[in-house]
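Please treat every number below as a calculation from the coordinates, not as lab data. Note that the structure is a prediction, hence the values are computed from the model and not measured. Backbone-built Cβ (ideal geometry, glycine too); neighbour counts: all protein chains shown.
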Amino acid sequence: MQLHIAVNFFGMPPSTLLRADIEGQACHLLRYVPGLQSCLVTISRDVRHRRHDRYLVRISTDIPGQVVQIARSGGGSRGREGLYETVDHAFGALRKRLQESTVSAVTAPASRSTVFIDAGSPPDGDEPLEKP
């Protein structure tokens, strides 16, 4: 299965090294979620903080039946976290959320509904028929 990966940069020049790192981490996600169809990454630099670089990394993934999104910010004078660390933390949080969502989808009990014949009383007393 081919994974569609898109990386967008806002408020900063595009980096080929960072793009390659993101593509590698996105392909690594296929180990955890084989049905992953797309991974859209947006990296923006907060222009309000000129002395200290602050970054926002947003990742949106598409799995059949659901969309999983995550956002992480980093950098600045307090965090001292660079852009690569922010991207790593965002992918780590996304990996954890994807693993939780696939485990809950696999272990969720199948929904069973009860169907009555003759629009009122069940046949042969109280036993309802189960829908296959």
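Structure values in brief
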| quantity | calculated |
| --- | --- |
| Environment charge of Thr61, counting only residues whose C-beta is closer than 12 Å and scoring Lys/Arg +1, Asp/Glu -1 | +2 |
| Sorted by Cβ neighbour density within 10 Å, fewest at the top, the residues Val67, Val7, Val87 | Val67, Val7, Val87 |
| Ranked list, fewest to most other Cβ atoms within 10 Å of each Cβ, for Thr86, Thr42, Thr16, Thr61 | Thr16, Thr42, Thr86, Thr61 |
| Phe91, Phe9 arranged by Cβ crowding within 10 Å, fewest neighbours leading | Phe9, Phe91 |
| In nm, spacing of pseudo-spin labels at Ser44 and Leu17 (7 Å Cα→C-beta vector) | 2.6 nm |
| Segment Gln37-Arg97, extension gain: residue separation times 0.36 nm, minus the distance between their alpha carbons | 20.0 nm |
